[in-house]
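I have placed the structure first, in the form of structure tokens, so that the comments after it can refer back to it.
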Amino acid sequence: MSKSSTIKRAVHFDFHTMPGIHDFNRDWDPELYAQRLADAHVTFINMFAQCNLGFAYYPTKVGIPYPGMKGDMFGDLLEACHKRGIRVAAYINVGLNHEHLRLHPEWSQVHKDGRIITEYQKNPSFFRTVCYNTGYRQYLLDTIAEIAAYPIDGLFCDCMGLRPCWCTHCTEDMLAEGIDITDEKAVTDFAYRQILKISKDIREIIGPDRYLHLNGVPYWDCRDLEKHIEVECLPSGSWGYDWFARQAAYARNIQPTVLYMTGRFQKSWGDFGGYKTVASLENDCYDAVLAGAELSIGDHMHPAEVQERDIYLDIGKIYEKFMKYEPWTDKTAYLPEIGVLTDSNGYTSAPYIGVARILGELKYNFDIINVAGDFSRFDVLILPDDLRVDAALAEKLRAHLARGGKILSSGFAGLKPDDSGFALDEWAFDYVGSDPSNASFFTFRNLPEGSAEMRWSDYKEGIIMYPREDSTVLADHWKPYFNYHWDGKHYYRYIPPEEKTGHAAAAIAGNGQVAHIAFRVFDAYGEYFMREHKRLVQQVLEVFIPNKRIRTEKLNSTARVTACGCDEFTLVNVKVDYPELRNHIGIVEEHTVQAAGAKVSLFGEYKAACLLPCETPLDMTFENGYTTVTLPEFEAFTMIRFDK
């Protein structure tokens, strides 16, 4: 999938304004506002038309303008930005509208216990949520039609998260359809149909050519409605640094343009007095480059002022730095070598934290692919932990194996949906059933260098499988003396290994194409980060991919290295910044310096190599199929161009 370059160097503006700002838009100056954006090299913005309080920032005939607002804030800024070549997507919060729901409580989502207002102390933005199956629906569509009458370049619809509803309208409609309203899954499915229906209506109103992002609607299900995906992630607080990599790995296979929407906040959205440092913002931008994504920085505008001047001076310096890479990054696309399958339509689940961590730390490039999508371009597939194989997926996997592809599965992945056995005969192991032990262990057959000779904990549940004679066993299964349990007198917590069972904890089938790790290794790594779980996965991948695309020396596991390419050259991105965890928040206060002498080897023979953006030549060697360069000292990030 080629990458579009039509959105780049973006800013996302929140403007959620509480009632009672007595000097609202006191210093509002759209020309100054737009000029600060232009000076900061911004080319695209998401700009407030209506906020989550429900106030409009233009002279609406449908909604409620902010009390005391003068003029047309949104329209004037749209005009000022367009004069400077800055594209504008109108922001509207679709899932929250507290002022209208206060006046129209019948438009509110009703929880199964009858509440309209949630426990707002836990999630202060979501104290009222809308139901799309009420009169709110028509109000929303009329509002969007009003906004779409402006010459906007796109629309950003926020907070469209899936929430089941038991309001009178939904209840009556569900009963008419024969839906059991005590079945929460069925109620949730009904609510989801309402989201998809209104998403299609929104696209129809704004037309086929304008940008649309439906924030909260699963990527896969709205793939024919959106034109790009913005991966919202405030890694210094709300989401954490493990969120973006795996979501970008999924998104970039659905839409040609993906934005990393980070933010300048130290805490979260609405943090007017928080700014997490230039180094931290640059770190997030480097993560975007690693993933082949474009850059977007989130801000929250003061209701009586314009942007913070110094922040936009900093954003200008950051974007100027990344502009220098664009002559090459604009031509390239991310180059994965492993496809990771998911049956999720949107957000990936816990095992994918471990997948992204393990593959990133081992310097493998990967994409996450929907099981209904096309994964024919991958030689190696990973089925993590819980991915059962139905008839449709079984047919596609059979074709993958028939063309010589390889598969690594783990835990319950690869099983039939009813867990009665492996879905394909190519999983040439004897499946017994779920592991009755909840505290199992494993030992390596070939101990990795630096690992202790001991019995390692699985930490997560799995299955029991016997290896067949032609299998290559990588690890043996050990059972514990007893399970974690309470017997009425003691809780059994301190559980040592007892004996080896003869079952395989990890094995490669005799066909050499399918490997299975018997426990949920990716979920275990994503929660406990035990190195030997990663090394068990590594042993399989070293067999399946003898010539991995990138090899490195003297770079820590925290470094991330990815490749993007085109017909003329391959770019290798090397990032050594990594957040320090301070309490629960990842912090990048200053950049990391990588000492001279680190080596990067790229599979294949290349004509020349240089450091970008200055095109400083690098000496190369070619040996055993790899072109190798030695890096000088650098700070935070470097990009190497290998010319074909």
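The values are calculated or read from the model by the stated rules, or taken from the named source; none is laboratory data. Note that the structure is predicted; figures quoted are calculated from it, not measured. Please note: Cβ atoms are built from the backbone with ideal geometry, for glycine as well, and neighbour counts cover all protein chains shown. Keep in mind that these areas ignore ligands, DNA and RNA; they rest on the heavy atoms of the full protein, side chains included. Shrake-Rupley method; radii C 1.70, N 1.55, O 1.52, S 1.80 Å.
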(Q) Run the reach check for LYS548 against aspartates and glutamates, Cα to Cα strictly under 17 Å, same-chain hits fewer than 8 apart removed. What comes back? (A) GLU337, GLU361, ASP367, ASP379, GLU605, GLU623
Q) Can you flag which of LYS70/LYS112; LYS185/LYS489; LYS324/LYS554 are past 31 Å Cα-Cα? A) LYS70/LYS112; LYS185/LYS489
Q. Looking at the square roots a ≥ b ≥ c of the eigenvalues of the Cα gyration tensor of the stretch 183-251, which shape do they give, rounded for a/c under 1.5, prolate if a/b is larger than b/c, or oblate?
A. oblate
Q | Spherically averaged projected area of the stretch 101-247 from its Cα convex hull (nm²) | A | 10.4
Q: Please work out the ratio of the alpha-carbon Rg of the chain to 2.2 N^0.38 Å and round it to two decimals.
A: 1.03
Q: Tell me the GluC sites (Glu not before Pro) within the stretch 159-262 that lie in a loop according to DSSP and have at most 11 other beta-carbon atoms within 10 Å.
A: GLU177
Q. Aspartates and glutamates near LYS267 by alpha-carbon distance under 14 Å, same-chain residues fewer than 8 away left out - which ones?
A. ASP299
(Q) Could you compute how much accessible surface ASP224 exposes when probed at 1.4 Å, giving the result in Å² to the nearest 10? (A) 140
Q) Quick one: Cα centre-to-centre distance for the stretch 143-219 and the stretch 371-442, in angstrom? A) 34
Q: With 28 Å as the limit, write out which pairs from LYS331/LYS575; LYS331/LYS599; LYS8/LYS83; LYS200/LYS331 have Cα-Cα distances beyond it, or answer none.
A: LYS200/LYS331
**Q.** Taking the C-alpha atoms of the stretch 24-170, convex hull volume expressed per residue in Å³
**A.** 124
**Q.** Rounded to 5, percent antiparallel among DSSP beta bridges of the chain
**A.** 55
Q) Once Rh is set to the Kirkwood radius over Cα pairs, what Stokes-Einstein translational diffusion coefficient, in µm²/s, holds for the stretch 418-577 at a temperature of 25 °C and a viscosity of 0.890 mPa s? A) 138
Q. In units of 2.2 N^0.38 Å, what is the alpha-carbon radius of gyration of the stretch 44-89?
A. 1.18
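Direction-averaged shadow area of the convex hull around the Cα atoms of the stretch 566-631, nm²?
The orientation-averaged projected area of the Cα hull of the stretch 566-631 comes to 6.5 nm².
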Q. For the chain, with the dipole built from +1 on Lys and Arg beta-carbon atoms and -1 on Asp and Glu ones, taken about the Cα centre, which of ILE181, HIS22, ILE116 lies farthest toward the positive end?
A. HIS22
Q) Applying the Karplus parametrisation 6.51 cos²θ - 1.76 cosθ + 1.60 with θ = phi - 60° to the phi angles of the stretch 527-535, what ³J(HN,Hα) value in whole Hz is obtained for each residue in order, glycine and proline being reported as x? A) 9, 10, 6, 7, 4, 5, 5, 4, 5
Q) Got a sec to turn the phi values of the stretch 271-286 into Karplus ³J(HN,Hα) couplings, 6.51 cos²θ - 1.76 cosθ + 1.60 with θ = phi - 60°, whole Hz, x for Gly and Pro? A) 7, 4, x, x, 8, 8, 5, 4, 4, 5, 5, 5, 4, 5, 5, 4
Q) Just the accessible area per residue of the chain, please: how many Å² with a 1.4 Å probe? A) 41
Q) Roughly what would the spin-label model give for MET323 and TYR491, points 7 Å off Cα along C-beta, in nm? A) 5.9
Q: Using amide H atoms built 1.01 Å from N in the peptide plane, name the residues 5+ places from HIS16, or on other chains, whose amide H lies under 5 Å from its own.
A: none
Q) Rounded, prolate or oblate: which fits the stretch 265-407 when a ≥ b ≥ c are the square roots of the eigenvalues of the alpha-carbon gyration tensor, with rounded for a/c under 1.5 and prolate only if a/b beats b/c? A) prolate
Q | Top positive-direction residue, dipole computed over the chain with Cβ charges, set CYS51, TYR334, THR616 | A | THR616
Q.
Which residue, TRP427, PRO480, ASN573, has the largest displacement toward the positive end of the dipole of the chain when charges sit on each Cβ (Lys, Arg +1; Asp, Glu -1)?
A. ASN573
(Q) For a quick check of understanding: with a 1.4 angstrom probe and all protein chains in place, what accessible area in square angstrom does LEU77 have, to the nearest ten? (A) 0
(Q) Under the rule a/c < 1.5 gives rounded, and otherwise a/b versus b/c splits prolate from oblate, where does the stretch 425-511 land using the Cα gyration tensor? (A) oblate
Q.
Counting only Cα atoms, I'd like the Rg/Rh figure for the stretch 1-105, Kirkwood definition for Rh.
A. 1.02
**Q.** DSSP-loop GluC sites (Glu not before Pro) across the stretch 59-154, with at most 10 other Cβ within 10 angstrom
**A.** GLU119
Q. Per-residue ellipticity at 222 nm for the chain, helices alone: DSSP H runs ≥ 4 residues times -39500 (n - 2.57), over residue total, nearest 500 deg cm²/dmol?
A. -7500 deg cm²/dmol
Q. Got the relative contact order for the stretch 593-644 handy, in percent, Cα pairs under 8 Å and 6 or more residues apart?
A. 49
Q: Sequence neighbours fewer than 8 away in the same chain don't count; with that in mind, list the lysines whose C-alpha is under 23 Å from LYS500.
A: LYS460, LYS479, LYS534
Q: Mind grabbing the accessible area of SER557 for me, 1.4 Å probe, Å², rounded to tens?
A: 50
Q.
I need the chymotrypsin sites (Phe, Trp or Tyr not before Pro) found in the stretch 413-505, filtered to DSSP loop residues with at most 10 other beta carbons within 10 Å of theirs.
A. TYR494
Q: Quantify, in whole percent, the carbon and sulfur part of the accessible surface of the chain (1.4 Å probe; protein heavy atoms only).
A: 49
